[in-house]
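The values are calculated or read from the model by the stated rules, or taken from the named source; none is laboratory data. Remember, predicted model here, so these are calculated numbers, not experimental data. Cβ placement follows ideal geometry from the backbone for every residue including glycine, while neighbour counts extend to all protein chains displayed.
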Amino acid sequence: MEHIYQYAWIIPFLPLLVPLLIGSGLFFFPMATKNLRRIWAFSSILLLSIVMLFSMKLAIQQINNNSIYQYLWSWTINNDFSLEFGYLIDPLTSIMSMLITTVAILVLFYSDNYMSHDQGYLRFFAYMSFFNTSMLGLVTSSNLIQIYIFWELVGMCSYLLIGFWFTRPIAANACQKAFVTNRVGDFGLLLGILGFYWITGSFEFRDLFEIFKNLINNNEVNSLFCILCAFLLFAGAVAKSPNFPFMYGYLMLWRGLLLFQLSSMLLPWSPREFF
């Protein structure tokens, strides 16, 4: 059943079809796209349902085999440096994908009726679909570089959604507050990523965890510096979830929880021993 994992790339990219089609339709056939706008809600829900069912299939596969699958594309810039992009499927990834798609489908069902008479109906579903793509890309990322890219994309979508009715002062103020809070968390996340790359020399999760564990066991790295880097990642997670002092909303809770889980894996000791 390993061939199932070869198609896991559809998890983040399938919902991306909706904003691409909406944008193309508005550019080439604006009147027809606006008149048939309810079809985009159906398309969004249908594509997310496919992703949800596929994620459930992967979760069942993970429960039965407890295996980790990683696929990478390598982009070599020169002999000394190359970039690798891909996706990583493990129990955490499959569970988070199911949660994200389930909640997103419920939100889209509700939004179809709630936004039915709004002039920004198409814009809202384009934002939501791109938000879902960014979230799913975040949870399936195989390295810290991809985490940061999708992290910023989710932040951009959150800014657009929070300030969707930008003509209303309360919405404009809320999206500005979210933007400032994001910058604080994103800066901590970036510093944490650079710190762990300096320690291990790798952005890949599987290599990073193994190298990091060996360095800790052999006392070849400063534990305090490792804790600092882990808490910088934790600062990014706190900024994306309703924790003090960043309690401005719940829209980005899922990615905060994901990063909290990743940062806890990189602590030199378990949370139980720490506390």
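Scanning the stretch 155-183 for residues that are assigned to a helix (DSSP H, G or I), farther than 21 Å from G137 by Cα and either over 18 Å from the mean Cα position of the chain (by Cα) or among the charged types (D, E, K, R) (or both) yields a total of 10. Here I199 fulfils each of the conditions (1) surrounded by 16 or more Cβ atoms within 10 Å (Cβ to Cβ); (2) under 18 Å from A239 (Cβ atoms); (3) not acidic (D, E) apart from (2).
Being of a type outside the set (S, T, Y), assigned by TED's automatic domain parsing to the domain that holds W73 and either crowded, with 22+ Cβ neighbours inside 10 Å or part of a helix (DSSP H, G or I) (or both) is not true of G188. Of all residues in the stretch 1-25, those that are acidic (D, E) have Cβ atoms under 9 Å from Cβ atoms of residues that are not in a helix (DSSP H, G or I), 6 or more apart or on another chain, in E2/S67; E2/Y69. Being among the polar types (S, T, N, Q), over 16 Å from N132 (Cβ atoms) and not assigned by TED's automatic domain parsing to the domain that holds W165 is a condition met by no residue of the stretch 41-52. In this structure, is L26 buried (at least 19 other Cβ atoms within 10 Å of the Cβ) and not charged (D, E, K, R)? Judged against the criteria, L26 is not a match.
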